[in-house]
Amino acid sequence: FLKTFIPKVLEHIKTNFEAKEVPQLLKREFFPVFQTDELLELHLKLRHHFQKVQYSYVEIGQVFDDLKDEFLVYCEILAKMKTVMEFFADQMTENEEVSTCIKRLQRDASKSELVQMDPRVTCNLRDLMVMVPQHVMRYHMILSEVKKQAIKAEKTEVAKEAERPERSIALAAALAEEAAF
C-alpha cells in the first residue's frame, strides 16, 4: 500500500480536484487543510526508507524516528478534520456553486486514467479526503505485525526497533479513529 495506493490517492486529489477551477471558498478554506504536497513528500520519503527496511527490518524504528516531525502533518490535518468536513457538507447542501462544481469535478475525475486503472480509487471527494488521515492508522498495524513476527522469529533487536515508534504511531492512529466519521 505504501508504494502505490496513498500516493495515487493524493495525486488524484491534487490533479483532479485541487488543480482544477473551483470556487475561491474551497481554495481558501477546504483544500489547504489537507496539505497534499506535504503528504506526498512524506510518502515519497517513506517509500524510499522502506525500500531499505525490506532488507533490514532492524531499521524500522529509525525510519519513523527520521520522519517523526514530518508525521505531524497528519496531526495538523486531524485537528481540523471534523470542522472542515462539516464545512464541506454544509457547502454541498447550501451553496449551489460549490455543489455543482464538485459534482462536475467528480464526474470528470471518474474518467481519469488512474480511476480507470485502479477501481479502489474513488471519485467522491468527501471519501477521498476522509481516506487521507485514516491512512495513518495502517502504520500502527505494520509496526505491530513486524514486532509480532520478530518475536516469533526470536529477533529481539527487530522487535525492540518496531516497538520504539509504535506508541507514537498508535496515538496518531487513535486520533485518526476518533476523527473518523
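The fraction of accessible area contributed by carbon and sulfur in the chain is 51 percent, rounded to a whole number (1.4 Å probe; ligands and nucleic acids excluded). Taking 0.36 nm per residue of separation and subtracting the Cα-Cα distance, full extension of the segment from Thr15 to Gln62 would add 13.7 nm. Normalising the average separation of contacting C-alpha pairs (under 8 angstrom, six or more residues apart) by the number of residues puts the relative contact order of the chain at 28 percent.
This model, with +1 at the C-beta of Lys and Arg and -1 at the C-beta of Asp and Glu, gives the chain a dipole about its Cα centre of some 540 debye.
Could you give the angle, 0 to 90 degrees to the nearest 10, between helix 156-179's Cα long axis and the longest principal axis of the Cα atoms of the chain? Tilt relative to the chain: about 20 degrees. Counting charges near Glu97 (Lys, Arg +1; Asp, Glu -1) among other residues having Cβ under 12 Å from its Cβ returns a value of -1. Show which lysines lie in cross-link reach of Lys68 when reach means a straight Cα distance below 25 angstrom and same-chain residues fewer than eight apart are skipped. Partners found: Lys3, Lys8, Lys14, Lys45, Lys52, Lys80, Lys82, Lys147, Lys148, Lys155, Lys160.
Given Cβ point charges of +1 (Lys, Arg) and -1 (Asp, Glu) and nothing else, what value in debye, to the nearest 20, does the dipole of the range 82-156 about its Cα centre take?
560 debye
Nearest 10 degrees is fine. How inclined is helix 72-94 to the longest principal axis of the chain, computing both from alpha carbons? The two axes meet at around 20 degrees. Of Phe17, Val115, Leu42, which is farthest along the charge dipole of the range 1-156 in the positive direction, counting Lys and Arg as +1 and Asp and Glu as -1 at C-beta? The residue sitting most towards the positive pole is Val115.
Within the range 1-53, list the GluC sites (Glu not before Pro) lying in a DSSP loop whose Cβ has at most 10 other Cβ atoms in a 10 Å radius. Taking the range 1-53 and a limit of 10 other Cβ atoms within 10 Å, the loop GluC sites (Glu not before Pro) found are Glu21. Ligands, DNA and RNA are left out, and with a 1.4 angstrom probe the accessible area of the chain is 56 Å² per residue. Relative to the longest principal axis of the Cα atoms of the chain, helix 137-152 runs at roughly 20 degrees.
The values are calculated or read from the model by the stated rules, or taken from the named source; none is laboratory data. Being a predicted model, the structure only gives us computed values, none of them experimental. All Cβ positions, even for glycine, are placed from backbone atoms using ideal geometry, and neighbour counts span all protein chains on display. Accessible surface is based on the protein model in full, side chains and every heavy atom, while ligands, DNA and RNA are left aside. Shrake-Rupley method; radii C 1.70, N 1.55, O 1.52, S 1.80 Å.
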